[in-house]
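Just so it is clear, none of the values below were taken in a lab; they were calculated from the coordinates. Given the structure is predicted, the values throughout are model-derived calculations rather than measurements. For neighbour counting, all protein chains shown are included, and Cβ atoms are generated from backbone atoms with ideal geometry for every residue, glycine included.
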Amino acid sequence: MNSTGTVTGVAIVGCGNISGAYFRGLQRFADLRVVACTDLDADLGRAAQERYGVSFVASVEELAARDDVDVLVNLTPPLAHESVIANLVETGKHVFTEKPLTASFATAAPLVAAARAAGVTLASAPDTFLGSAGQTARAAVDDGLVGDVIGVTAFVTHSKAELWHPNPGFLFTRGGGPALDMGPYYLAGLVNLLGPVASVYATARTGATVRPVTAPGRTVEHVEVTIPTHSSAVLEFASGVVGTVMASFDVWDHELPFLELYGTRGTLSLPDPNDYDGTVRFRPHGAESWQDLAPVISAFTAATAEASLPLRGPGVADLAESLHGSSLRVGADFALHVLETLDALALGTDGVRRDLTTTCTRPEPSKETWTQ
Ligand SMILES: NC(=O)c1ccc[n+]([C@@H]2O[C@H](COP(=O)([O-])OP(=O)(O)OC[C@H]3O[C@@H](n4cnc5c(N)ncnc54)[C@H](O)[C@@H]3O)[C@@H](O)[C@H]2O)c1
């Protein structure tokens, strides 16, 4: 329960593939109550109504008219985000959106400004860095365990969506791709650890232009690929840290790490930033082996590791907490900066180093933490 003991009412917009992880995941937070949902596909909306005991309504306007709804959670596909978020902001309710904020930095920036002008709190996934792994790594950096961080690597490899998503076309068109789909987890994780990025130099290309879909229950047999699927970049952080980042749907198998930080005292190795949990390892210079760091557990992460598909919700809880005075850690400025960086990675920077126009502050580390 938050400090004021009030319950925040939540409604879901978009009852597709990821929605179950929200409906179930949000139930873990005592001060959040999911009360309603909507979807253009009424069958999906009614199925959610039956399965999760929430009201299905036909439109966002009906959700917005409800007094028991404080926060609207956008789970529509990336290409719909721009118009859906604009619509949600107009209702005056607070908004949490799945990532990416929108399909491009150019379309996201005006929305962030519109939300601010309307007094609406706009927040965005990814929120996985609020989990134990992100917070453990953050403590290792902040406490000086790694020393001065000189460089980082991030390897965003293929999520193989053709094998599990029934209709993965949105991942292979504008708004999708490895940088915008999986990249947010890595970049949000890095900005949480190291602060904002100052500039990006990137180059990108497209692999196969048609890909077969073999997912169980698939609704399409193949997808057309209209965007780059393999990018490499050098990132310069404002702090001077130099990052090497690859994002690819063409790397099916590999022996690359997820995220590593190279410091003056040793190397920090993070687990998959798409997950909330996992072991963070540290190897001091000269040591013969890696040490598993004791995980910093936050109130948000106490119950995250209970399903094969990670349950979602910490970011919505963070937004709800912020309405009662705490610092918002998954805010729109943070997400916009991550998106500007990823946009450059996704499409390349035309052979030049691109200085970014946005910046942000590092989100606050978890306050209520304890060590397992
Ligand atoms: N699928 C995953 O595992 C996963 C994981 C993490 C994040 N995400 C993110 O979650 C979002 C949704 O992904 P998904 O895989 O669930 O997509 P999906 O296509 O399975 O579901 C999206 C749903 O939104 C509905 N919709 C579209 N426009 C709408 C509108 N204007 N109003 C109401 N409903 C509308 C669609 O009918 C559909 O049911 C994306 O931003 C994606 O990046 C997905």
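Some observations on this one:
- Given charges at Cβ of Lys, Arg, Asp, Glu: segment 168-290 dipole, positive-most of 233, 201, 276: 201
- Here the residues 162, 255, 98, ranked from fewest to most Cβ neighbours within 10 Å of their Cβ, fall in the order 255, 162, 98.
- Order of 85, 18 under a 10 Å beta carbon neighbour criterion, fewest first: 18, 85
- Computed over every Cα-Cα pair of segment 228-348 and binned at 5 Å starting from 0, the pair-distance distribution P(r) comes out as 2, 8, 12, 16, 19, 20, 15, 6, 1, 0 percent.
- Ranked for footprinting exposure by Cβ neighbours inside 10 Å, fewest first, 334, 96, 56 give 56, 334, 96.
- If the segment from residue 206 to residue 67 were pulled out straight at 0.36 nm per residue, it would be longer than the present Cα-Cα gap by 45.3 nm.
- For residue 255 and residue 59, a Förster radius of 56 Å and the Cβ-Cβ distance give a FRET efficiency of 0.70, rounded to the nearest 0.05.
- The DSSP beta bridges internal to the chain are antiparallel in roughly 60% of cases.
- Shape annotation for segment 8-124: C-alpha extents along the principal axes are 38, 26, 25 Å, from largest to smallest.
- Segment 57-72 and segment 124-149 have Cα centres lying 36 Å from one another.
- Residue 105 sits among other residues whose Cβ lies under 14 Å from its own Cβ, and their net charge, with Lys and Arg +1 and Asp and Glu -1, is -2.
- Between the beta carbons of residue 364 and residue 215, assuming R0 = 41 Å, the FRET efficiency works out to 0.60 to the nearest 0.05.
- Hydrodynamic radius of the chain per Kirkwood, over alpha carbon pairs, in Å: 20.9
- With Cα atoms defining each centre, segment 327-346 and segment 177-205 are spaced 9 Å apart in the structure.
- Loop-located chymotrypsin sites (Phe, Trp or Tyr not before Pro) across segment 196-261 with a Cβ neighbour count of 15 or fewer within 10 Å are 252, with loop assigned by DSSP.
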